[in-house]
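Worksheet: the structure to be examined is printed underneath.
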Amino acid sequence: MKNIKRQWFTLVELIVVITILAILWSIAFISLQGYSADARNSKRTSDLNSLISGITTQLAQWQSVFNFVWTDANWNEVVGLSIAWTWTMDTDYAAWGINYSALPIKEADFKDPSANQAYIIWATTKINGKYELAASMEQGAGERTARLVWNYNHRAATAVTVSTWANNTVTLSGSSYVNFFALGDTVTTNWTTPVITTITRVSADGTTITLGTAAPANATTLALNVAEWTGLIDKAWTTTWFITDAGTNLPY
């Protein structure tokens, strides 16, 4: 009979195998974690894009942009934010979670995938109703930031050339700044004694501006009186942070 020898792993071989398995497990764990974060960020981005689509559709049906905001007395107060060259008040600015019933969109399908929090919306009825949406994005190593999407774009205090003046009505020169000005803007003229006034009417084609006060006949330009802030959330607020992720305040 042949002698049957039983084979056993040596201690060194066992250590090598265990080490290799540990390394493979670590790589797989890190990869899966990264994929999960990427997947969650992808859902957040997709959600914001879907919300934009829904809001755009409803705005085209003459809904007020405020219809999409669940307002809160503490969270819709603004300090030091210039929109349309005026300090905004609660009557023309709102911020809080999204009112999904106004879209209409199923709210349960649009929650942050990790914290199950509602996305945040800022809205203003100034300059024809503008808004910004935000979601918290994972950056790795516990770092988070905010992803912002919007139809609000700030305007610079650019002097626009005017072709004709007729008391309190002016016509813009050229097409570069058509629809640049909006109803309610605080504007200023040039010349020796500038006139600061409010726009009371903008023509349908965006080229003829009616002012609340007659402009000097020798003025040649019209400009927004104060530069707008770069975003609706680029501001100070009075009570709390607007975007958090599991209790962590998010940077901008």
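Each reported figure results from applying straightforward, stated rules to the coordinates on display, with no laboratory input. What you see is a predicted model, and the numbers here were worked out from it, not measured in a lab. Heads up, the Cβs are rebuilt from the backbone with ideal geometry, glycines too, and the neighbour counts pull from every protein chain shown.
Data overview
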item: Segments 16-22, 128-134, 36-42, 208-214 sorted - mean Cβ within 10 Å per residue, highest first; result: 128-134, 208-214, 36-42, 16-22
item: Residue exposure sequence - L224, L148 - by fewest surrounding Cβ within 10 Å; result: L148, L224
item: Protection-proxy order for peptides 201-207, 168-174, each taking the mean of Cβ atoms within 10 Å per residue, highest first; result: 168-174, 201-207
item: Cβ-based exposure ranking for K126, K106, K111, K43, in which fewest neighbours within 10 Å come first; result: K106, K111, K43, K126
